[in-house]
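S.K.: The structure under discussion is supplied below as structure tokens; questions concerning it will follow.
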Amino acid sequence: MAIAVEGVVRRYGSFTAVQDLSFAVDRGEIVGLIGPNGAGKTTTLRTLCGILKPTSGRIVIDGHDIGTAPLEAKRRLAFMPDEPHLFEYLTVEEHLRLTARLYAVSDFEARAAALVEELELSGKERSLPGELSRGMRQKVVIACGLVRDTAVLLFDEPLTGLDPIGIRRMRDTITRRAENGAAILLSSHLLHLVEEVCTRVIIMDRGRKIADGTVRELASRADLAAAGSSLEQVFLRVTGHDPTPAA
Ligand code: ATP
């Protein structure tokens with residue numbers, strides 16, 4: 001498994017944000033991490049990429065334990081946060097160049113040019129973050145994550161803030177990376193897009209995993225199969241917000 005999470009707990013002081021979380025993501029999979037506000041999605045992603053230390057439990061990235069072999073594990077993952085924090089005085093191209101140098105990417109020029117084209121940043125290579133729209137800044141953050149070729153990609157809300165064409169392109173970008181063998185975990189509140197792009201879904205609520213499977217599996221477990229249910233219906237049912245009770 002490219003991502004293995006075993007019994008992870010993460011507390012902030014006495015508050016438990018993530019409770020006994022276990023799951024795995026294989027190469028080629030796109031797993032959607034969904035849940036109500038405060039469910040623990042961002043905490044989970046930040047713990048997986050090593051920004052936060054788990055209070056207990058184990059995280060293994062492409063065979064490397066992030067607790068005992070943090071450099072090896074981090075080398076194999078890219079985390080794309082939802083807040084596009086960029087360096088004020090570096091252009092788009094300089095951001096890509098800096099990231100590539102930090103991670104010793106050899107074929108930088110070709111990769112950067114392809115990414116700028118793929119993410120529709122052409123013509124903005126020499127722009128500073130202050131001269132970009134929010135959606136464009138988000139694309140720069142994602143381009144910096146993708147300029148390296150990692151086994152594991154972690155996206156926090158990659159589709160929020162993008163226009164409809166940007167959303168479609170980002171979906172294709174994510175799908176292509178999975179087809180090329182990456183293991184992908186992404187959080188989003190855009191359930192219809194999660195349903196389209198993800199091979200499997202994990203639902204969290206109040207720090208706990210409450211469901212894990214394909215939309216079809218979850219619908220059948222939630223007694224919704226007959227209705228040919230959408231992920232939204234499944235979500236409302238398993239989080240206890242569905243006004244129509246299970247049959
Ligand atoms: P959203 O959908 O709103 O982005 P989320 O599922 O990503 O939510 P988290 O940001 O992981 O949720 O937060 C989970 C819980 O942990 C929340 O109750 C939040 O208030 C709490 N929390 C997050 N960061 C901190 C922090 N630095 N200190 C204390 N509590 C925190």
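The values are calculated or read from the model by the stated rules, or taken from the named source; none is laboratory data. The structure presented is a predicted model; accordingly, all values stated were derived computationally and were not measured. Cβ: placed from backbone, ideal geometry, glycine included. Neighbour counts: every protein chain shown. Quick note on the areas: whole protein, heavy atoms, side chains included, nothing else; ligands and nucleic acids left out. Shrake-Rupley method; radii C 1.70, N 1.55, O 1.52, S 1.80 Å.
S.K.: For the chain, what does the convex hull of the Cα positions come to per residue, in cubic angstrom?
M.R.: Taking only Cα atoms, the chain has a hull volume of 131 Å³ per residue.
S.K.: Give me the orientation-averaged projected area of the Cα convex hull of region 68-176, in nm², one decimal.
M.R.: So the mean shadow area of the Cα hull is 6.8 nm².
S.K.: Among V60, L77, L96, whose Cα sits farthest toward the positive end of the charge dipole of region 56-99 (+1 at Cβ of Lys/Arg, -1 at Cβ of Asp/Glu, about the Cα centre)?
M.R.: V60
S.K.: Please list the three semi-axes, largest first and in whole Å, of the ellipsoid equivalent to region 164-223, using sqrt of 5 times the eigenvalues of its alpha carbon gyration tensor.
M.R.: Working from the Cα gyration tensor, I get semi-axes of 23, 13, 12 Å.
S.K.: May I pose another question? Can you list, largest first and rounded to whole Å, the semi-axes you get for region 93-144 by taking the square root of 5 times each eigenvalue of its Cα gyration tensor?
M.R.: 18, 11, 9
S.K.: For the Cα atoms of the chain, what angle does the longest principal axis make with the long axis of helix 108-118, in degrees from 0 to 90, nearest 10?
M.R.: That works out to roughly 60 degrees.
S.K.: Give me Rg over Rh for region 4-134, both radii from the alpha carbons and Rh done the Kirkwood way, two decimal places.
M.R.: In region 4-134, Rg relative to Rh is 1.02.
S.K.: Another question about this same structure. How far is helix 164-179 tilted off the main Cα axis of the chain, in degrees rounded to 10, range 0 to 90?
M.R.: 80 degrees
S.K.: Can you give the calculated 222 nm mean residue ellipticity of the chain, where each DSSP H run of n ≥ 4 adds -39,500 (n - 2.57) and the sum is split over every residue, rounded to the nearest 500 deg cm²/dmol? Write out the running numbers ahead of the final one.
M.R.: Working: 9 runs with 87 residues, N = 247.
The helix contribution divided over the chain gives -10000 deg cm²/dmol.
S.K.: Indicate, rounded to the nearest 5 percent, the antiparallel portion of the DSSP beta bridges found entirely in the chain.
M.R.: Counting DSSP beta bridges with both partners in the chain, the antiparallel share is about 55 percent.
S.K.: Something else: Debye calculation, C-alpha points only, no solvent: report log10 I(q)/I(0) for region 134-247 at q = 0.14, 0.21 Å⁻¹, in the same order as the q values.
M.R.: Once normalised to I(0) and log-transformed, intensities are -0.64, -1.15.
S.K.: Taking a temperature of 4 °C and a viscosity of 1.567 mPa s, what whole-number D in µm²/s does Stokes-Einstein yield for region 122-185 with Rh from Kirkwood over alpha carbon pairs?
M.R.: Here the translational diffusion coefficient equals 103 µm²/s.
S.K.: Which distance in Å, rounded to a whole number, links the C-alpha centroids of region 125-141 and region 179-218?
M.R.: One Cα centre to the other: 28 Å.
S.K.: Straight-line reach from K124: which lysines fall under 21 Å, measuring Cα to Cα and dropping same-chain residues less than 8 apart?
M.R.: K139
S.K.: Charges only on Cβ, +1 for Lys and Arg, -1 for Asp and Glu: so what's the dipole of the chain about the Cα centre, in debye to the nearest 20? Numbers along the way, then the final one.
M.R.: Values: 31 positive and 33 negative charges, 113 e Å.
Rounded to the nearest 20 debye, it is 540 debye.
S.K.: Okay, moving on. Leaving out ligands, DNA and RNA but keeping every protein chain, what accessible area does K139 have, in Å² rounded to the nearest 10, with a 1.4 Å probe?
M.R.: 20 Å²
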